[in-house]
Amino acid sequence: MKTWIALLRGINVGGHNRLPMKSLSQILEAAGCEHVKTYIQSGNVVFRAEIKSAARFGEEIGQAIEKEHGFSPAILLIPADELERAIASNPYPEATSEPKTLHLSFLEHEPGEDCISAAKTLLLKSESFTVNGNLLYLHAPDGIGRSKFAGGVERALQVKMTGRNWRTVMKLEELAATLMVRAVL
């Protein structure tokens, strides 16, 4: 069994797509996942499972959520070791002291250079971003609430994505590490 992180997109936002974490845990357990742990109400889950195809498993979970709750969120499944590599590759280590200013997004695929250039036009002077393969790191020292980049980057890159702030990323890594240690014992 492998440790996985599931990132659900667009749930429990503004009263829409309501999905209690207890229900999400039950859906994952019914699908054969073990040691399911959720983090906050925005669709962050760590678990252990044997998964042959992450895309197919994500679709199955989405279908189960739709059956129970009437909507099917986009779900990105990430092996725990991929999250560890993403953390180790952080190009903004100075920003980790203010984790709300640093964001990590997982992209469906690597964007083209022309799209990356288009995204640069959205940046505020204080902001910077780096694309590393299918990862996007955003350092927004003034917060992302006023960021044109945060609101328009997906359209500019022409790539589906889901992101989390650094505090959430680090908590997910901590939960995944706990499950991996548990698996060894």
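Mind listing just one residue for me: the one in the stretch 1-20 that is among the charged types (D, E, K, R) and more than 21 Å from SER105 (Cβ to Cβ) and, of those, most open to solvent (accessible area, probe 1.4 Å)? Once the filter is applied, the top-ranked residue is ARG18.
For the residues LEU124, LEU107, the requirement of being in contact with a Lys or Arg (Cβ under 8 Å, 6 or more places away or on another chain), farther than 24 Å from LEU7 by Cα and without any contact (Cβ under 8 Å) to a residue 60 or more places away in the chain singles out LEU124. Could you please let me know if VAL159 is closer than 17 Å to LEU76 by Cβ, open to solvent by less than 20 Å² (accessible area, probe 1.4 Å) and assigned to a loop (DSSP other than H, G, I, E, B)? So VAL159 fits the description; yes.
Mind listing whichever residues of the stretch 59-101 are in a helix (DSSP H, G or I) and buried (at least 19 other Cβ atoms within 10 Å of the Cβ)?
ILE61, ILE65, ALA80, LEU83, ALA86, ALA95, THR101
Determine whether the stretch 109-126 contains at least one residue that is under 30 Å from VAL36 (Cα atoms) and either within 15 Å of the chain's Cα centre (by Cα) or crowded, with 17+ Cβ neighbours inside 10 Å (or both). Step through it out loud before you land on a result.
Step one: filter the stretch 109-126 for residues under 30 Å from VAL36 (Cα atoms), giving 109-110.
If we keep only those that are either within 15 Å of the chain's Cα centre (by Cα) or crowded, with 17+ Cβ neighbours inside 10 Å (or both) too, we end up with 109.
Yes, that holds for at least one residue.
Limited to the stretch 1-48, what total is found for residues that are in a strand (DSSP E or B) and hydrophobic (A, V, I, L, M, F, W, C)? Steps first, please.
The first filter runs over the stretch 1-48 and keeps only residues in a strand (DSSP E or B), leaving 2-8, 13, 16, 34-39, 44-48.
Okay, now just the ones that are also hydrophobic (A, V, I, L, M, F, W, C), so 4-8, 13, 36, 45-47.
Summing the residues that are in a strand (DSSP E or B) and hydrophobic (A, V, I, L, M, F, W, C) in the stretch 1-48 gives 10.
The set of residues from the stretch 129-149 being open to solvent by 40 Å² or more (accessible area, probe 1.4 Å) and either under 21 Å from ALA86 (Cβ atoms) or in contact (Cβ under 8 Å) with a residue 60 or more places away in the chain (or both) comprises THR130, ASN132, ASN134, PRO141, ILE144.
Can you find, within the stretch 21-57, the residue that is nearest to ALA80 (Cα to Cα) among those that are of a type in the set (S, T, N, Q) and crowded, with 19+ Cβ neighbours inside 10 Å? Top of the filtered list is ASN44. Residue count for the stretch 25-65 satisfying the condition of being in contact with a Leu (Cβ under 6 Å, 6 or more places away or on another chain) and among the aliphatic types (A, V, I, L, M): 3. Residues in the stretch 57-106 that are at pLDDT 95 or above and basic (Lys, Arg): LYS67, ARG85.
Per-residue answers, yes or no, for (1) closer than 17 Å to ALA95 by Cα; (2) in contact with a helix residue (DSSP H, G or I) (Cβ under 8 Å, 6 or more places away or on another chain); (3) assigned to a strand (DSSP E or B):
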position: TYR137; (1), (2), (3): yes, no, yes
position: PRO141; (1), (2), (3): yes, yes, no
position: ARG146; (1), (2), (3): no, no, no
position: VAL153; (1), (2), (3): no, yes, no
position: THR168; (1), (2), (3): yes, no, no
position: LEU172; (1), (2), (3): no, yes, no
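All told, ILE51 falls short of being farther than 29 Å from HIS139 by Cα, of a type in the set (Val, Ile, Thr), part of a helix (DSSP H, G or I) and without any contact (Cβ under 8 Å) to a residue 60 or more places away in the chain.
A Cβ distance below 8 Å, combined with a sequence gap of six or more or placement on separate chains, defines the contacts here; from the stretch 9-35, residues that are at positive phi reach residues that are surrounded by 13 or more Cβ atoms within 10 Å (Cβ to Cβ) and among the polar types (S, T, N, Q) in the pairs GLY10/ASN17; ASN12/GLN41; ASN12/SER42.
The values are calculated or read from the model by the stated rules, or taken from the named source; none is laboratory data. This is a predicted model, so every value here is computed, not measured. Ideal geometry is used to build each Cβ from the backbone, glycine not excepted, and the neighbour counts take in all protein chains shown. Heads up: the accessible areas ignore ligands, DNA and RNA and are worked out on the full protein's heavy atoms, side chains in. Shrake-Rupley method; radii C 1.70, N 1.55, O 1.52, S 1.80 Å.
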